[in-house]
Amino acid sequence: MESLFQDVRYALRRLKSSRTFTIAVAITLAIGIGGTTATFSVADAALRPLPFPQADRLVRLREITPQGEPFTFSEPDYRDFFRASHALSAIAAIKPLRLTLAGAGDARAVEASAVTSSLFPMLGIRPEAGRIFGVDDDRDGRAAAVAMLSDVFWRQRFAADPGIVGRVIRLDGAPVTVVGVLPAAAAFPPGDIWVPLAPSAQADRTDKWLDAIGRLAPGATIGDARAEIANTASALAREHAELQGWSAQVSPIGDWLVQPATRRMVWVLLGAVGVLLALACANIAGLLMTRAVERQAEIGVRVALGAERHRVLRQLLTESLVLAVLGGVLGVLAAFWILDVWSSLIGTLLPPGRAASIDVRVMALTTIVVLVATVAFGLIPALHGANADLVSALKPAGRQGSPGGRRWTGVFAAVQVALAMLLLVGSFLLMDSFARLSSVNAGFDAAGVLAIPLSLPDRAYSEERRQAFFDQAVASLGAVPGVEAVAATATNPFREWGFANDVTPEDRAATAPPSGFTQAGWRSVTPGFFKTLRIPIRRGREFTANDRDGTPGVVVISESLARRLWPGADAIGRRIYWGGVGGRTREVVGVAADIRDVRLDAPPAPMVYLAYSQLPLPGMTLLVRSTPGAVGVADAARRQIGAIDPSIPVAEIASVDGNRREAISAPRFRALLVGLFGGVALLLSAVGLYGVIAFSVTQRAREIAIRLAVGARPDQVTAIFFRRGLALTAAGAAAGLFAAWALAGVLRSLLFEVDARDPRLFALAAMVLTAIALFASYLPARRASRLDPAAALTREQR
């Protein structure tokens, strides 16, 4: 035991005397362990199996529009699919709601969903308190006045009141009895409160708001469910004219909770961190082998003086172990810090209820891999040194090291350059893609605009009262100092998916299918909407106060929809059916510029804008544009809304610019993360190349001294080592570019308006890496040219 302590103390003294080497290896280990653990922990949170019994048997059901776009169900459609299903043992529906809670402190908006009684049993969710919904709670069109609470909401809003079951609360002004509390682990469907859905067979078949999920029946496959639901969709289309051209789709529920793009991003990040880990190991290998070759003479002297070979080997192994433990500790600390950074960036990318946390198994495995690599790369040259020929080791020429040692350090340096090139190309592609996405013209000016989502209780607010409320809100907020313009829209820009419906030109109604000529997005907006967001009106006019209920129906449409409905003709004065073919038509009074208010990475959706007074919805978002430098607008807005109706909660006030930034958080995260990996890889490869050239200079000091002594110019000496650095850089860069070209397809689906094999970005990455690598080679090469021949030869003779 005493000898072990002596070995450790000696190892610490040796490492302390070689601070640069020790710091380089320790930082490399910390990067490898910390970066890998943190990234794998994020990936585990995203890809972990869903917390439901037999989660692989759960599927999502969606209807498909005649244009091929996924869509939600109407209540009658859901009931028809449920009755016709044999491949699914259960089907459940979910409808998102905006509700206002009163009777438990100040009124507040809550995230709520109406769900069928089949949902929680299908997901294997049991209540923490009380009961779940039963079939009596959601009979055809007659939902019971009951509710369930989430565990978090119960604790935060009701202080974990043990008597919550049976307590009456008020939702949208109506009394509702709490019948149960869901457990904390029940993260899906997300929300605070659930109420019974009670789908009605008498509801409007074109009113599609329901998400549906199902569980495959025993022995059934997802292929069976797809075939069955396709047949049901065809039968319903023959039976109901408004469903002609519609179909249906079945997909794994995991593709809903974790979007395919997010899965691809996670796999790309795992690949990137794997490359970084390999680069870290290569860097450690190069550093340890360089150090081992430098110490061959020392080892030879110790053996010549009587030290036993196994004792020397144990000492060298102890040094590697101490170095590995030091780096491992730093790596564990770095993992927690890096995960905190990642967690602040990933936002809403993870599935509901998931949070990234350090996975001890991943950390242990990563630490073992890196530490074993450190010990192995330290042990191999130590074995070689302990068994070296003593005579050659003690000769001055022996200090030049073996050609094999120089060759292997060069190989490790070239591998680092190749791996760095691979990450650098990927980071340039993703950063260019993010830059393009960030600069996309949304079609409106979001700067200085606040978004205030509001939800009016259905029972308390008739259509007339809704109209009066938003008229008064727009007028009151417009009078606030610093406010330039105010309007309301049905969709919170970049925060909600918006709505879509069928649109058919009146002059094509005779030949259009019953399901309509085309699908288009729609927004119900108040007068001043286009002015507030500064959306250009290309033709005609926007809405005015005269466009009210009881007057002829009017719409403003987007340019893309105008071109699609009447290519090459003027749309002003034309009439359309909105929501099926039949009933009254609406006149096009204006054509507005296309906008992207949901997704920046998709083409602008054809859009129909309807006058709010002719379609007064209970849920709207107030948009408030303030003048530059105005302060206190948000607080003033809260006061004005509270003055109109104190029972209407203002859940949050956010800038539309902030919503936009959040909407592109996923591409920003992957660009930043892979960019950081690329930067670290660039640094590690530069350090590795610097070490190789510096090692070569040290080993060839005698040769350099002789060259200088016989008249060689300093620039000639510099060129010798600079050429080696250039050769290693060229070999590594070529291999890295080839690998990046071959793997470019992996990134294609994550890029926006960027070619995955864009030669400009490949060339830029090559130039940046080559410049850094050559600079790292030049520094020790230049130092070689400044050696004092006499001093160098004197040291060699000692």
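What follows is calculated from the coordinates using simple rules that are stated; it is not laboratory data. Since we're looking at a predicted model, the values are computed, not measured. Because the Cβ atoms are built from the backbone with ideal geometry, glycine has one as well, and the counts that use them run over all protein chains shown.
Centroid-to-centroid, using Cα positions, region 160-228 and region 545-624 are 33 Å apart.
Available extension along the chain between R108 and A84 is 4.6 nm, counting 0.36 nm per residue and deducting the alpha carbon span. 3J(HN,Hα) couplings calculated from phi for region 52-67 with the Karplus curve 6.51 cos²θ - 1.76 cosθ + 1.60 (θ = phi - 60°) are, in sequence order, 10, x, 6, 4, 5, 9, 8, 9, 10, 10, 9, 7, 10, 5, x, 8 Hz; Gly and Pro show x.
Within region 495-621, all pairs of alpha-carbon atoms sorted by distance into 10 Å bins from zero give the percentages 13, 47, 35, 5. Measuring r between the beta carbons of E587 and E128 and using R0 = 51 Å, the FRET efficiency lands at 0.40.
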